[in-house]
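A short worksheet on the structure shown next.
The values are calculated or read from the model by the stated rules, or taken from the named source; none is laboratory data. Quick caveat, the model's predicted, so the values are computed rather than measured. Using ideal geometry, Cβ is built from the backbone for each residue, glycine included, and neighbour counts are taken over all protein chains shown.
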Amino acid sequence: MAKKQKIHRAPTSPQGQIPKPWEHAKAGAGSASDPLAARFVASLAYDKRLYRHDIAGSLAHAAMLRQVGLLSSRELRDIERGLKEIEAEINRQGEAWEGWNIDLEDVHMCIEVALIRKIGDPGRKLHTGRSRNDQVALDLKLWLASATQQLLEAHQDLLRAFLDLAQRDGQVVMPGYTHLQRAQPIVAGGEILAWMAALDRAAGRLIGLAVVNRANPLGAGAVAGSSLPLNRQATAEALHVGPPSDSAIDATASRDAAVDFVYSLAMTAMTLSRWAEQWILYASSEFGFIILDGKYTTGSSMMPQKRNPDMLELIRGRCGGVYGHLVALLTMLKGLPLGYNRDLQEDKRHVFAAYDLVLDCLAMATRIVATTRFNAPRITADLERGFLDATSLAEYLVTKGVPFRTAHQIVGSLVRTCELRGLDSLAQLALEDCNAACALAKQPKVVGRDVLDWLGPQNVVERYRTHGNAGLAGVAELLQQWQARLAVPAGPAATRPGARSAAGPKPARPARR
């Protein structure tokens, strides 16, 4: 058994407080002497979740220090053993780990102090050539990589739920809307695929972060680098977050990766909020287009009949919180001079909170989508209202040689005729009515019985032929693509329909929440 090494205790001030390891230039205990100051500067309450990433960075840094001769092989083994023991302890004990100490301010110092208690002087050598400034910048990047992977998996779960819904109910013919007014007939699958397209873009932004923010800050030090022979390339290769950053100053001063990440979260939240609003309307008695599972509605404390779409409403409401974190982060950064400033400690409050909100909303959305059905009888019963086939009739006239603007004018006059006669559908007009409208527009009598193949919502959704259309053909084509794509695991290498692969760095192990 190795001889236990003596642990040197820090001197205490006359008041009995132990000075912080980075405040030896001060008389007494420094900021530790005022409990409010000690609490005010601490980030431990929220940065504990970085412990795995902090340990991963420290292991890579220690291996590099051994490579350049600043650690012995024995010291490296001690550091590796100690850090792995600490990680295992935190994995088991979580919040109850005895190493958490708010007087040490953050996760980085808690782990370092615990390591020194375990192995003595080799632990004191770990911080050689490193500052908390480049250490926290690296930890955040490692966390962002693992968080991005979790978000991509959550996006893929939701996309699968939408795909299943499209396969179940995708052929239900329903109104499509612009300005929240009935516009043209679509099938439900067309609308579902629209949400999938928007979510796919949101996931694509996350994938792109791995490319945009490829730089490893470790080795940048506090602001200017180090005079020691550090091998930054070695740590970069070990950590898979990109090459060494080109500017030591920028590496510790920048939080672009955090802003880009929270912006991506805000865009996901916005998409989820729009979808939630749409389905809140569809679940109402006035629409009645969808039936929500009872697990995802709530009752009223006063009105016994209510089935309120509270989960959807909360998804919609929480979008504002994500926006708030983005604006707070941008505002925090806008006035900072170059170099590390303590304001940057606050970045993690907003990054973590936004991530938690969006990840929960994605999970809840997945459950709602998986249990919702389109109410085909209710939709069909009212489908003729709104002259959804008006554009199709204009296109029919175009195939007969009528200029589109003239065809638009003719169909508009026919809609007015229907409204004056109390008719619900253009198909209820006689052929003579249609040709009379053509004559008034100085067009030949071109409307024949074949016009009936162009009228009625069902006929219209069968006639759509352009790529990406919201009818039967377009939905069938895209469903095949999505079925193939969603058989591939989520990740930076996953491809989207019509898009090239966006390869990114190998993600760190996901942090547990």
Looking at Arg124, is it without any contact (Cβ under 8 Å) to a residue 12 or more places away in the chain and not assigned by TED's automatic domain parsing to the domain that holds Gly242? yes
With the first residue restricted to segment 223-252 and required to be basic (Lys, Arg), and the second required to be in a loop (DSSP other than H, G, I, E, B), Cβ contacts under 8 Å at 6 or more apart or on different chains are Arg232/Leu218; Arg232/Gly219
Keeping to segment 424-436, report how many residues are farther than 25 Å from Ala470 by Cβ and crowded, with 16+ Cβ neighbours inside 10 Å. 5
Could you list, in sequence order, the residues of segment 297-336 that are assigned to a helix (DSSP H, G or I), over 22 Å from Trp275 (Cα atoms) and without any contact (Cβ under 8 Å) to a residue 60 or more places away in the chain? Val327, Ala328, Thr331, Met332
Restricting attention to helices (runs of 4 or more DSSP H) lying wholly within segment 375-486, give those where 2 or more residues are closer than 24 Å to Gly170 by Cβ and either without any contact (Cβ under 8 Å) to a residue 40 or more places away in the chain or of a type in the set (Phe, Trp, Tyr) (or both). 376-381, 472-485
Checking the condition under 26 Å from Ala353 (Cβ atoms), touching a residue at least 40 places away in the same chain (Cβ under 8 Å) and outside the structural domain of Ala258 (by TED's automatic domain parsing), which residue from Glu105, Glu87 passes? Glu105
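Per-residue answers, yes or no, for (1) under 25 Å from the mean Cα position of the chain (by Cα); (2) within 30 Å of Tyr177 (Cβ to Cβ); (3) of a type in the set (A, V, I, L, M):
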residue	(1), (2), (3)
Ala269	yes, yes, yes
Ala283	no, yes, yes
Ile291	no, yes, yes
Met303	no, yes, yes
Arg307	no, yes, no
Tyr323	yes, yes, no
His350	yes, no, no
Please go through segment 34-81 and pick out each residue that is on the phi < 0 side of the Ramachandran plot, in contact (Cβ under 8 Å) with a residue 24 or more places away in the chain and not in a helix (DSSP H, G or I). Ala42, Ser43, Val68, Leu70, Leu71
Selection within segment 117-155 - part of a helix (DSSP H, G or I), of a type in the set (D, E, K, R) and more than 22 Å from the chain's Cα centre (by Cα): Arg117, Lys118, Asp121, Arg124, Lys125, Arg132, Asp134
Can you name the residue in segment 270-293 that is acidic (Asp, Glu) and more than 18 Å from Arg168 (Cβ to Cβ) and, of all such residues, is surrounded by the most Cβ atoms within 10 Å (Cβ to Cβ)? Glu277
Of a type in the set (Lys, Arg), out of contact with any Cys (no Cβ under 9 Å at 6 or more places or on another chain) and assigned by TED's automatic domain parsing to the domain that holds Ala353: which single residue out of Arg182, Arg77, Arg81 fits that description? Arg182
Name the residues in segment 89-112 that are part of a helix (DSSP H, G or I) and over 16 Å from Gly57 (Cα atoms), would you? Glu89, Ile90, Asn91, Arg92, Gln93, Gly94, Glu95, Ala96, Ile102, Asp103, Leu104
Kindly list the number of the only condition in (1) closer than 30 Å to Leu65 by Cβ; (2) small (Gly, Ala, Ser); (3) crowded, with 22+ Cβ neighbours inside 10 Å that fails for Gly120. (3)
Among what's in segment 317-331 and is surrounded by fewer than 17 Cβ atoms within 10 Å (Cβ to Cβ) and of a type in the set (A, V, I, L, M, F, W, C), pick the residue that is nearest to Met270 (Cα to Cα). Val327
